[in-house]
1. Need at least 2 residues that are touching a Leu at 6+ places or on another chain (Cβ under 8 Å) and open to solvent by 80 Å² or more (accessible area, probe 1.4 Å) per element, so show me which strands (runs of 3 or more DSSP E) inside the chain make the cut, counting only ones lying wholly within it.
2. I need the full set of residues from the stretch 18-51 which are under 19 Å from residue 81 (Cα atoms) and charged (D, E, K, R), in order please.
3. List pairs: first in the stretch 37-54 and touching a residue at least 24 places away in the same chain (Cβ under 8 Å), second of a type in the set (D, E, K, R), Cβ under 8 Å, 6+ apart or cross-chain?
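The values are calculated or read from the model by the stated rules, or taken from the named source; none is laboratory data. All values reported here derive from a predicted model rather than from experimental measurement. Because the Cβ atoms are built from the backbone with ideal geometry, glycine has one as well, and the counts that use them run over all protein chains shown. Heavy atoms of the whole protein, side chains included, go into the accessibility calculation; ligands, DNA and RNA do not. Shrake-Rupley method; radii C 1.70, N 1.55, O 1.52, S 1.80 Å.
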Amino acid sequence: LLFFHAPWCPICRAIEKEIQADAKKISDGVHILKVDFDNEITLKQKYGVTYQHTFVQVDEKGNSIQKWSDSSTLAGVLSRVK
């Protein structure tokens, strides 16, 4: 799961804090990788990301499964993972 994060984004910071505090809530097999929204231009273009705190679920080959940016909590993020 790619987490397009910006340090200036309050929602990003809140979700990151939850991820760090509640890592045990993340199922085995789900890996959340923080991607720098401001600097990872190629990945933003590849996945069509235009907004920080966007999540892109990818398969093992990097193909997009789904994309969303309406989750503001870790529980909300995890509820969307297929």
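1. Numbers: elements: 2-5, 33-36, 54-58, 64-68.
Result: empty, no element qualifies.
2. Answer for the stretch 18-51, where residues must be under 19 Å from residue 81 (Cα atoms) and charged (D, E, K, R): 18, 22, 24, 25, 28, 34.
3. Close Cβ pairs (under 8 Å, with a partner that is of a type in the set (D, E, K, R)) amount to 37/44; 47/67; 49/67; 54/67.
Rundown of residues vs (1) hydroxyl-bearing (Ser, Thr, Tyr); (2) under 20 Å from residue 27 (Cβ atoms), yes/no style:
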position: 38; (1), (2): no, no
position: 43; (1), (2): no, no
position: 55; (1), (2): no, yes
position: 69; (1), (2): yes, no
position: 80; (1), (2): no, yes
